[in-house]
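Asks: Okay, handing you the structure first.
Any read-out appearing in this document is the output of simple, stated calculations on the displayed coordinates, not a laboratory observation. Keep in mind it's a predicted model, so treat the numbers as computed, not measured. Here Cβ is always computed from backbone atoms with ideal geometry, including for glycine, and neighbour counts include all displayed protein chains.
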Amino acid sequence: MELKKGFFITFEGADGCGKTTQIKLLNEWLNKKNYKTIVTLEPGATDLGKNLRQILLHYEKPVSDEAEMFMYLADRAQHAQMIIKPALEDKTIVLCDRYTDSTVAYQGYGRNGNIEKINTLNEIATKGLKSDLTLLFDVESEIAQSRLGKTKDRLESQGIQFHKKVRNGYLELAKQNPERIKIIDANKTIEEVFSDVQKIIGELLSI
Ligand code: TYD
């Protein structure tokens, strides 16, 4: 199935929202229909990014909020230039697990960073490359937390208050960008959520 252009679809939501499972299901569905896709993620899609991911999620000494933010941005800059942009030029559907909205939600709303400045930094990191569509998997913070495994990484261990701020941040972002960001109720079962995903993506691709 040859597309006239690539599509850049990003997946956002709190830790434990189930987006990774949905990306996998969506990718299988699109491949069955012969669409050319790639599945990619932040942080850690590039070789440089894998090194940053290791620090971001597992570094045990204190990390300043700014250092954390710049590492996510460095990962994104490398990812956008090396992987996302070439794939879009090759008319591929890019399914990306987290992108610019994660930094606004986590480092902005979650850690009380300056949202306007983060928007500018995102713009610099991506050279203005924006997603065509963003699916926000919204889930009650308590449910999301209960889905996480026992061994939590550095971000997952931040506590319920932090994750509530992140969730509200995402909802605020969706309110500000109703065209681009579609909210999906991720409190439901995997099958129900996937059916909502199919509806939205089916409309986007006219399938
Ligand atoms: P993710 O790969 O989704 O973690 P997992 O596979 O364990 O669900 O994301 C890693 C963590 O990084 C997650 O807690 C969210 C956080 N994060 C930010 O705080 N800011 C960002 O810009 C990005 C991309 C992720």
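Asks: Compare the peptides 74-80, 200-206 by average per-residue count of other Cβ atoms within 10 angstrom and give them in order, highest first. Write out the running numbers ahead of the final one.
Replies: Numbers: 74-80: 22.1, 200-206: 13.3.
By packing density, highest mean first, the sequence is 74-80, 200-206.
Asks: Under 25 °C and 0.890 mPa s, how fast does region 1-82 diffuse according to Stokes-Einstein, given a Kirkwood radius computed over C-alpha pairs? Answer in µm²/s, whole number.
Replies: Values: Rh = 14.7 Å.
Translational D for this selection: 167 µm²/s.
Asks: Another question about this same structure. If a helix is a whole DSSP H run, which ones in the chain reach 15 Å or further along their own axis (Cα) and hold a mean Kyte-Doolittle hydropathy of at least -0.5?
Replies: Details: long enough: 19-32 (20 Å, -0.86); 47-58 (17 Å, -0.23); 65-79 (21 Å, -0.71); 115-126 (16 Å, -0.02); 160-176 (24 Å, -0.84); 190-205 (22 Å, 0.61).
Long hydrophobic helices here: 47-58, 115-126, 190-205.
Asks: Please give the Cα centre distance for region 128-207 versus region 1-72, rounded to the nearest Å.
Replies: Their Cα centres are 13 Å away from one another.
Asks: Would you mind estimating how fast region 134-199 diffuses translationally, via Stokes-Einstein at 10 °C and 1.306 mPa s with the Kirkwood radius over Cα pairs, in µm²/s? All intermediate terms of the calculation are to be shown ahead of the outcome.
Replies: Details: Rh = 13.0 Å.
D = 122 µm²/s.
Asks: I need 8, 70 ordered by Cβ neighbour count within 10 Å, fewest first. Working shown, then result.
Replies: Working: 8 22, 70 15.
The most exposed by this proxy come first: 70, 8.
Asks: Could you tell me the number of lysine pairs in region 61-172 with C-alpha atoms less than 28 Å from each other, where the two lysines are 8 or more residues apart or belong to different chains?
Replies: Going through region 61-172 pair by pair, I get 21.
Asks: Please get the size of the charge dipole for region 96-207, origin at its Cα centre, with Cβ charges of +1 on Lys and Arg and -1 on Asp and Glu, quoted in debye to the nearest 20. Walk me through the intermediate numbers first.
Replies: On the way: 17 positive and 17 negative charges, 95 e Å.
Its charge dipole is roughly 460 debye.
Asks: For the chain, with only Lys/Arg (+1) and Asp/Glu (-1) charged at the beta-carbon, what is the dipole magnitude about the Cα centre, in debye rounded to 20? Walk me through the intermediate numbers first.
Replies: Details: 30 positive and 30 negative charges, 55 e Å.
Taking the Cα centre of the chain as origin, the dipole is about 260 debye.
Asks: Next up: Magnitude of the Cβ-charge dipole of region 1-104, K/R +1 and D/E -1, about the Cα centre, nearest 20 debye? Each step should come with its number before you reach the end.
Replies: Numbers: 14 positive and 15 negative charges, 124 e Å.
Computed about the Cα centre, the dipole is about 600 debye.
Asks: Treat the count of other C-beta atoms within 10 Å as a stand-in for reagent exposure and order 106, 35, 59 from fewest to most. Walk me through the intermediate numbers first.
Replies: Working: 106 26, 35 19, 59 13.
Starting with the residue having the fewest Cβ neighbours, the order is 59, 35, 106.
Asks: Dimensions of the chain along principal axes (Cα, Å, largest first)?
Replies: Projected onto the principal axes, the Cα atoms of the chain cover 49, 36, 32 Å.
Asks: Of 87, 64, 204, whose Cα points farthest to the positive end of the dipole of the chain (charges on the beta-carbon: +1 Lys, Arg; -1 Asp, Glu; origin at the Cα centre)?
Replies: Among 87, 64, 204, the one farthest towards the positive end of the dipole of the chain is 87.
Asks: Could you tell me which of 26, 74, 40 has its Cα farthest along the dipole of region 1-78 towards the positive end, charges placed at Cβ (Lys, Arg +1; Asp, Glu -1), taken about the Cα centre?
Replies: Checking the options against the dipole of region 1-78, the answer is 26.
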